[in-house]
Amino acid sequence: MLIFLDTEFTDFIDIELISIGLVSQDGREFYAERNDFDVAKCNNFVRAGILPMLTQNDSSVAMTRAELKSICFLGSPNFGIKVRFRLDSIIQRIGSCSSTPWTASSLAG
């Protein structure tokens, strides 16, 4: 199963997750925005183009880093099949990959 992933970060150097969106091949969706990221870390592009698009007032998607980690770790579905992620940029590959297997909670911090 393919899962399409999109994220927004504060900057390419001092990376802090702002939002995450996941859509599975079968139509399941997940979207969340952190309401506790450090706005001071945001570069000019993020301030001008990303922050105005956020729905920070929507309590159904706004959450702290700890809440997002909890949801991603404890609430993630067990697909029971091989899952592949599709990312839309090399930055997301760098920001979300490590030498350990990927987990949704690793993106939250």
Query raised in the report: How would you rank 38-49, 13-24, highest first, on the average number of other Cβ atoms within 10 Å across their residues?
Result: 13-24, 38-49
Requested in this report: Read phi for every residue in the stretch 47-54 and hand back ³J(HN,Hα) as whole Hz from Karplus 6.51 cos²θ - 1.76 cosθ + 1.60, θ = phi - 60°, with x for Gly and Pro.
Outcome: 4, 7, x, 9, 4, x, 8, 6
Query - ³J(HN,Hα), Karplus 6.51/-1.76/1.60, whole Hz, each residue of the stretch 14-28, x for Gly, Pro - result: 9, 6, 9, 5, 9, 8, 9, x, 10, 9, 8, 4, 8, x, 5
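Values in this text are rule-based calculations from the coordinates and carry no lab data. Please read all numbers here as calculations on a predicted model, not as lab measurements. As a convention, Cβ positions derive from the backbone with ideal geometry for all residues, glycine included, and neighbour counts pool all protein chains shown.
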